[in-house]
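The values are calculated or read from the model by the stated rules, or taken from the named source; none is laboratory data. On a predicted model such as this, the values are computed, not experimentally measured, just so you know. Note: ideal-geometry Cβ built from the backbone for every residue, glycine included; neighbour counts use all protein chains shown.
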Amino acid sequence: MRDEAFLAVQNELSLGERLLWSGRPKPGLMLRSSDVFLIPFSIMWGGFAIFWESSVLASGAPFFFGIWGIPFVVIGLYFMVGRFFVDAWQREKTFYALTNQRVIIVSGLFDRNIKSLSLRTLSDVSLNAKRDGSGTITFGPTHPMGSMYFGAWWPGTRRYTTPGFEMIRDAKNVYERIRTAQGMDDVQKMVGKQVR
């Protein structure tokens, strides 16, 4: 029986392209390394916004002051709680594939977004593995904005992150498959030159 990742990427394969691996990120709610900064910040932001808004409402301040704080409360609640659910939802809609020609990332909450990176031009492949064997494989240099504040915690900011296979199982094995596929591509290019 074909898995869900295979079904999500099979229509993206070109004629003669072979699927070597397919997978998806770990599901569910998760903490990221950026949460070391974001959790204290979200508590300060959200706590202050809720305190300010409740104080304004309790004091009987003018209507304008009452509605002024609502966006700050909403952003604070998103920082504190909502972003974890959005992140889990984004990962639930993300699928990965490695073929003999490229890596494919299919994602998108409402629209289907497809990122395709050729193995021929893929020079910077990095592995960040954990003790349980899971990990992230990134393709290309880290975007400066992605490494600072953004990441995946705010909708629309994934464009600032380096493309990769995020939070996959058996990451080292997949990394080795990518390197092997790149080596096979190099051999094919050399053979093609010799034939000419």
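Would you be able to say whether some residue in segment 59-70 is assigned to a helix (DSSP H, G or I), within 31 Å of the chain's Cα centre (by Cα) and β-branched (Val, Ile, Thr)?
yes
Could you list, ordered by first residue, the pairs with Cβ atoms under 6 Å in which the first is in segment 117-134 and on the phi < 0 side of the Ramachandran plot and the second is at pLDDT below 90, at least 6 apart or interchain?
Hits for this filter: Leu119/Gln182; Leu119/Asp185; Arg120/Asp185; Asp124/Gly140; Asp124/Pro141.
Just to be sure before I move on: is Leu109 assigned by TED's automatic domain parsing to the domain that holds Ser123, modelled with pLDDT under 90 and not in a strand (DSSP E or B) in the structure I sent?
yes
Quickly run through segment 1-41 and pick out the residues that are closer than 29 Å to Tyr78 by Cα and more than 21 Å from the chain's Cα centre (by Cα).
Matches in segment 1-41: Pro40, Phe41.
With (1) in contact with a Lys or Arg (Cβ under 7 Å, 6 or more places away or on another chain); (2) modelled with pLDDT of 60 or more as the list, and Ile114 as the residue in question, which single condition is left unmet?
Of everything listed in (1) in contact with a Lys or Arg (Cβ under 7 Å, 6 or more places away or on another chain); (2) modelled with pLDDT of 60 or more, Ile114 misses just condition (1).
Against the condition among the small types (Gly, Ala, Ser) and touching a residue at least 40 places away in the same chain (Cβ under 8 Å), how does Ser59 come out, does it pass?
no
Rundown of residues vs (1) touching a helix residue (DSSP H, G or I) at 6+ places or on another chain (Cβ under 7 Å); (2) modelled with pLDDT under 85; (3) outside the structural domain of Gly82 (by TED's automatic domain parsing), yes/no style:
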{"residue": "Glu12", "(1), (2), (3)": "no, yes, yes"}
{"residue": "Arg18", "(1), (2), (3)": "no, no, yes"}
{"residue": "Met44", "(1), (2), (3)": "no, no, no"}
{"residue": "Phe48", "(1), (2), (3)": "no, no, no"}
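What's the total number of residues in segment 5-34 that are part of a helix (DSSP H, G or I) and surrounded by 10 or more Cβ atoms within 10 Å (Cβ to Cβ)? Break it down stepwise before answering.
Pass one, segment 5-34, residues part of a helix (DSSP H, G or I): 5-12.
If we keep only those that are surrounded by 10 or more Cβ atoms within 10 Å (Cβ to Cβ) as well, we get 5-10, 12.
Of the residues in segment 5-34, 7 are part of a helix (DSSP H, G or I) and surrounded by 10 or more Cβ atoms within 10 Å (Cβ to Cβ).
Here's the yes/no breakdown for (1) of a type outside the set (Ser, Thr, Tyr); (2) outside the structural domain of Phe165 (by TED's automatic domain parsing); (3) more than 30 Å from Ala5 (Cα to Cα); (4) modelled with pLDDT of 90 or more:
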position	(1), (2), (3), (4)
Leu57	yes, yes, yes, no
Ala61	yes, yes, yes, no
Gly66	yes, yes, yes, no
Pro71	yes, yes, yes, yes
Ile105	yes, no, no, yes
